[in-house]
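Worksheet for the structure shown next.
Derivation of every value follows stated rules applied to the coordinates shown; laboratory data play no part. Predicted model only: the values in this text are computed from it and were never measured. Don't worry about glycine lacking a Cβ; one is built from the backbone with ideal geometry, like all the others, and counts go over all protein chains shown.
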């Protein structure tokens, strides 16, 4: 997963903002959920809320307007 870090100067102090990006192909969203970790390789898989819901079977299985 790509980690994006921005360094900014705020009032004379440098701050770093860092976010992990979603591992789903071509997804530009910030990751919010960890799928798994391989400690030996120091790797993890992370996804955004939309793809986490899709993987958990919550998305696209229920109509958005409440109709059945």
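Listed peptides 45-51, 3-9, 14-20 appear in the order 45-51, 14-20, 3-9 once ranked by packing, highest mean of other Cβ atoms within 10 Å at the front. A Förster radius of 30 Å, combined with the Cβ-Cβ distance separating residue 56 from residue 4, puts the computed FRET efficiency at roughly 0.75.
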